[in-house]
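Worksheet for the structure shown next.
The values are calculated or read from the model by the stated rules, or taken from the named source; none is laboratory data. What you see is a predicted model; the values in this text were computed from it and never measured. So basically every Cβ, Gly included, is an ideal-geometry build from the backbone, and we count neighbours across all protein chains shown. These accessible areas exclude ligands, DNA and RNA; they are computed on the full protein's heavy atoms, side chains included. Shrake-Rupley method; radii C 1.70, N 1.55, O 1.52, S 1.80 Å.
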Amino acid sequence: MLAPWKQFFETLWFLSCFIPVRKWRRVFRDKKLFGYRDKLVALRNHYHDLNWKNFRLAKGGGSLAFIVDNKYVFKVRKFQNDAAAATKKFMYEKRITDAIAPIVPVAVPRIDVCNVGGYIVYATEFIPGRIMLDLPMEKIMPHRQEIGETLGRVIYALFNAELPELSDLRPKKQSTDIGLVHSDMCSNILVNPDTMEITGIIDWEWAHFGSLWDEFYGLYRVRNKMRLTGIAPIAMWEYYKLRDSKK
């Protein structure tokens with residue numbers, strides 16, 4: 001699913017060579033292609049010992065992700081006019097994942113933030129797996145019970161963790177109904193395509209201290225395909241089963 005993005009960007013970059021005015025060509029590459037080739041060159045020069053021949057490319061809401069040899073992921077903001085803002089955003093996600101890695105029952109990215117050729121880069125080891133909702137329904141449905149129960153355990157671990165290292169991120173007005181939530185879990189669930197076990201959850205940039213409604217609504221609302229699986233209600237029931245057993 002990631003290869004077409006690389007081909008798409010390479011094709012547009014080549015076509016941009018025929019834009020006759022240099023200024024227009026630069027604007028097109030920066031605005032429409034997010035400086036893709038410049039960022040690739042900076043990464044290749046910095047991480048020159050890696051195998052870049054068959055890298056893959058993913059395009060997220062705010063970043064380009066370069067996946068190398070199924071071992072490493074390097075994310076760079078699409079627009080990085082403000083290096084301090086890019087650093088702050090990546091460091092926020094690093095704080096979240098560093099805090100939750102020991103407590104959640106699936107893998108999360110272990111992030112390093114560094115400056116590569118003037119670009120602020122989020123670097124992490126690749127978590128094996130495929131985005132669950134990129135797989136066909138006939139692959140997902142026989143495993144929806146196990147997937148939903150695992151998500152329920154993840155949500156329970158997050159929401160009920162004390163996490164003193166993140167205390168400054170909690171709302172000043174304390175509430176017993178507030179806990180850490182991913183809030184965009186729906187499209188960020190990685191699974192082993194052979195066993196359909198959840199291998200990891202990625203993209204924690206929108207994680208915050210909020211209500212359970214935030215989490216379950218985010219799990220359910222983003223894509224119609226997720227609603228059709230019925231996984232979100234299973235996760236919800238697993239969460240409340242755990243909560244009641246603790247009580």
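Tabulated results
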item: Search result, residues across the range 52-69 that are in contact (Cβ under 8 Å) with a residue 60 or more places away in the chain and β-branched (Val, Ile, Thr); result: Ile67
item: Residues (in contact (Cβ under 8 Å) with a residue 40 or more places away in the chain and more than 16 Å from Leu158 (Cβ to Cβ)) located in the range 218-240; result: Arg223, Lys225, Met226, Leu228, Thr229, Gly230, Ile231, Pro233, Ile234, Trp237
item: Sole exception among (1) under 23 Å from the mean Cα position of the chain (by Cα); (2) in a helix (DSSP H, G or I) for Leu50, by number; result: (2)
item: From the options Pro105, Pro109, residue that is crowded, with 19+ Cβ neighbours inside 10 Å, in a loop (DSSP other than H, G, I, E, B) and of a type outside the set (A, V, I, L, M, F, W, C); result: Pro109
item: Which listed residue is in a loop (DSSP other than H, G, I, E, B), of a type outside the set (D, E, K, R) and open to solvent by 40 Å² or more (accessible area, probe 1.4 Å), from Trp237, Trp213, Trp206; result: Trp206
item: Meets criteria (among the aliphatic types (A, V, I, L, M), open to solvent by less than 30 Å² (accessible area, probe 1.4 Å) and within 20 Å of Gly60 (Cβ to Cβ)) for Ile231; result: no
item: Conditions (1) at pLDDT 95 or above; (2) surrounded by 16 or more Cβ atoms within 10 Å (Cβ to Cβ): number failed by Tyr220; result: (1)
item: Hits in the range 20-33 (condition: in a loop (DSSP other than H, G, I, E, B) and open to solvent by 90 Å² or more (accessible area, probe 1.4 Å)); result: Pro20, Lys32
item: Test result for Pro136, touching a residue at least 24 places away in the same chain (Cβ under 8 Å), surrounded by fewer than 20 Cβ atoms within 10 Å (Cβ to Cβ) and on the phi < 0 side of the Ramachandran plot; result: no
item: Residue in the range 10-19 that is within 22 Å of Ile127 (Cβ to Cβ) and surrounded by 13 or more Cβ atoms within 10 Å (Cβ to Cβ) present; result: no
item: Residues located in the range 153-195, provided they are more than 16 Å from the chain's Cα centre (by Cα), within 24 Å of Gly129 (Cβ to Cβ) and open to solvent by 10 Å² or more (accessible area, probe 1.4 Å); result: Arg153, Tyr156, Ala157, Phe159, Ala161, Asn192, Pro193, Asp194, Thr195
item: The listed residue being of a type in the set (Ser, Thr, Tyr), surrounded by 14 or more Cβ atoms within 10 Å (Cβ to Cβ) and in contact (Cβ under 8 Å) with a residue 60 or more places away in the chain, out of Tyr36, Tyr92, Tyr72; result: Tyr92
item: Unique residue being of a type in the set (Lys, Arg), over 25 Å from Phe74 (Cβ atoms), in contact with a Pro (Cβ under 7 Å, 6 or more places away or on another chain) and in a helix (DSSP H, G or I) when the list is Arg153, Arg227; result: Arg153
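Let's see how each residue does on (1) at pLDDT below 95; (2) assigned to a strand (DSSP E or B):
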position	(1), (2)
Met1	yes, no
Trp13	no, no
Lys39	no, no
Ala42	no, no
Asn45	no, no
Phe66	no, yes
